[in-house]
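Have a look at the structure below before the remarks.
What follows draws every value from the coordinates through simple rules; no lab data is involved. Computed from a prediction, not measured in an experiment: that's the story for all the values here. Counting neighbours? That spans all protein chains shown, and the Cβs are built from the backbone with ideal geometry, glycine included.
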2 protein chains.
Amino acid sequence: MTSELSFIAALRTLPLHPAARNLDDDCAVLEVGSETLVLTHDMMLAGTHFLSEQDPADVAWKLVATNISDLAAKGAEPVGVLLGYQLGDGDARFVEGLREALTHYGAALLGGDTVGGSGPQASGLTAIGRATHRPVPSRGGARAGDRVWLTGAVGAAMVALEALRAGAGDSSAYRRPQAKLAEGLALAPHVTAMMDVSDGLLLDAWRMARASGACLSLDSTAVPLACPEPRREEALRWGDDYELLFTLPAGTAPPVAATCIGEVLEGPSGTLQLDGKHVEAGDNLGFEHH
Amino acid sequence: MTSELSFIAALRTLPLHPAARNLDDDCAVLEVGSETLVLTHDMMLAGTHFLSEQDPADVAWKLVATNISDLAAKGAEPVGVLLGYQLGDGDARFVEGLREALTHYGAALLGGDTVGGSGPQASGLTAIGRATHRPVPSRGGARAGDRVWLTGAVGAAMVALEALRAGAGDSSAYRRPQAKLAEGLALAPHVTAMMDVSDGLLLDAWRMARASGACLSLDSTAVPLACPEPRREEALRWGDDYELLFTLPAGTAPPVAATCIGEVLEGPSGTLQLDGKHVEAGDNLGFEHH
């Protein structure tokens, strides 16, 4: 088995659509006539992306929410989704979770495919959105002098997964993540760069730095926590919170609740600093997909 | 586990996009500004949709070809694809097959998602096409008096799978199905109804009859075979050939090579006749998805 990074490197040698943005982004941005569509696809496997014993309604919710979160980071309003679904136990619950999530985010089912099979249940969702602001925000627009902002807090999903595993406490942040759709739509006209934080704040901030050819300098103590203070270092590296990370020119206030957690420096290009210290990409910044 | 039919019935209770056409069709037809997009998603599981020991390049080819076949039936030219892929053995071969198929069909990679996981390898593909003719052909447009036509022959994939399993003979029709893209584009302005034959000619003809509220009356001896004559009955029920089934008004000649295999009768609505005899939907018409 190849690593995800080397597989994606191989994919880059294929005929790539200009909208693919070199596959670095979570979304493709496709010009269609006078409209701009935003397309994203996420796949989930039982045992890898959720606990096999989880309520299928939660699985469906998360599948929708993670895709809508990608649209949110582009300031795109949902149009519809295509579902790929492997039948299994709890199909009725899956449909219920799908109903709740589609209704919540104002998305509609466009179609898809249903398959039978044994083995860990697999599902995939393609979400299609309509850009509400052009140019569509990318993760590559951060410029020296910009401030770095974050909606919400980190660490909520970390604590919630522990609660789920322990069978005690509030696990909703892990089971039912909230895509910051309204925030993304409000932010799109103002940001210089934006992305959702799915794999950990530090890893995703480093990705923004790399895509922007800049240095993101973060103040770790400025980052709001949804967990006890002693777990700050872990929370900076934990994924699944789906907050929006974005940059604004200095002096610009965001139109939604958010916290300034750092600034953009000229260089070194594609690097991350935490409390003034350079952090290497290999330093366990967050969830790398395996 | 629910059946596919009851799962789809449950999906119909969800918020459905008007483009979803009640989920009966393989594709969603989405109006975007002045353009019409055609969207389809197919999923494949190792051991269910292909032999686990098959060359991953063939798997990638088939994943692309089956989706492009859905676009072909809509007269849509490919724009791009989103790939959901579970890493496994033979990832490099998978990319090679993807390259061959995307190049062959003039499609480009738009993006997607790569995941790790154990268990039978799952992959999914969303294909996006641009309609070249409006109204976009549907499977629901067959009218009494129309003639029923088929491109190519049936039974090729059946014989080819046997060759693959035996390790002797030509297995290419099963491994590398050809989507009838050029034919679909040429036919779209002329047909009253069109669909691809993925699950068996009789089953798909019955679906066209049901969607059209008409009776499709087929002459079994008129159907061209790609297998020995004694296997005609089997070949009419075998899937994976990806020919196009379409209807034309009487007196209209198709612009591509095709064979007239029957006619459309007023009724009974939603029924299929084979050699003048009524065939029940439950009569093992072809591949039902499990």
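Could you tell me the center-to-center distance, by alpha carbons, between segment A:165-242 and segment A:244-260 in angstrom?
14
Report, in cubic angstrom per residue, the convex hull volume of the C-alpha atoms of the protein assembly as shown.
It comes to 135 Å³ per residue, whole-number rounded.
Work from the charge dipole of segment A:4-131 (Cβ charges, +1 for Lys and Arg, -1 for Asp and Glu, about the Cα centre) and give the residue of A:7, A:59, A:117 farthest towards its positive end.
It is A:7.
Cα axis of helix B:156-166 to longest principal axis of chain B: angle in degrees, 0 to 90, nearest 10?
In chain B, helix B:156-166 runs at an angle near 40 degrees to the longest axis.
Can you tell me the dipole magnitude for the protein assembly as shown around its Cα centre, using point charges on the Cβ only (Lys, Arg +1; Asp, Glu -1), in Debye to the nearest 20?
Computed charge dipole of the protein assembly as shown: roughly 980 debye.
Averaged over A:171-180, how many beta carbons belonging to a partner chain fall within 10 Å of each residue's beta carbon?
Other-chain Cβ atoms within 10 Å of each residue's Cβ, averaged: 0.
So for the protein assembly as shown, taking the charge dipole from beta-carbon charges (+1 Lys/Arg, -1 Asp/Glu), which of A:97, B:174, A:269 sits furthest toward the positive end?
Selected residue: A:269.
Starting from one equal scatterer on each C-alpha and no solvent at all, send me the Debye-based log10 I(q)/I(0) for chain A at q = 0.09, 0.13, 0.16 Å⁻¹, two decimals.
Here log10 of I(q) over I(0) equals -0.42, -0.91, -1.38.
So how far, in whole Å, is the C-alpha centre of segment A:77-110 from the one of segment A:4-41?
Going from one Cα centre to the other spans 24 Å.
Go through B:241-249, B:130-138, A:146-154 and give me the packing order, highest mean Cβ count within 10 Å leading.
Top of the packing list down: B:241-249, A:146-154, B:130-138.
Please compute the average number of Cβ atoms from other chains found within 10 Å of each residue's Cβ in peptide B:72-85.
For this peptide, the per-residue mean of nearby foreign Cβ atoms is 4.
Show me B:171-183, A:61-73, B:220-232 ranked by packing, highest mean number of other Cβ atoms within 10 Å first.
Highest to lowest by the protection proxy: A:61-73, B:171-183, B:220-232.
Which whole-number percentage describes the relative contact order of segment A:138-290, with Cα contacts under 8 Å and a sequence gap of 6 or more?
41
May I have the pair-distance distribution P(r) for segment B:4-131, computed from all Cα-Cα distances with 5 Å bins from 0 and rounded to whole percent?
The percentages, shortest bin first, are 2, 11, 19, 21, 18, 15, 10, 4, 0, 0.
Given the convex hull of the Cα atoms of segment B:175-290, what is a quarter of its surface area in nm²?
7.7
Cβ neighbours within 10 Å, averaged per peptide: list A:8-17, A:119-128, A:204-213 in order, most packed at the top.
A:119-128, A:204-213, A:8-17
Give me a single rounded figure for B:120-131: the average over its residues of other chain Cβ atoms within 10 Å of their Cβ.
Mean partner shielding for this stretch: 6.
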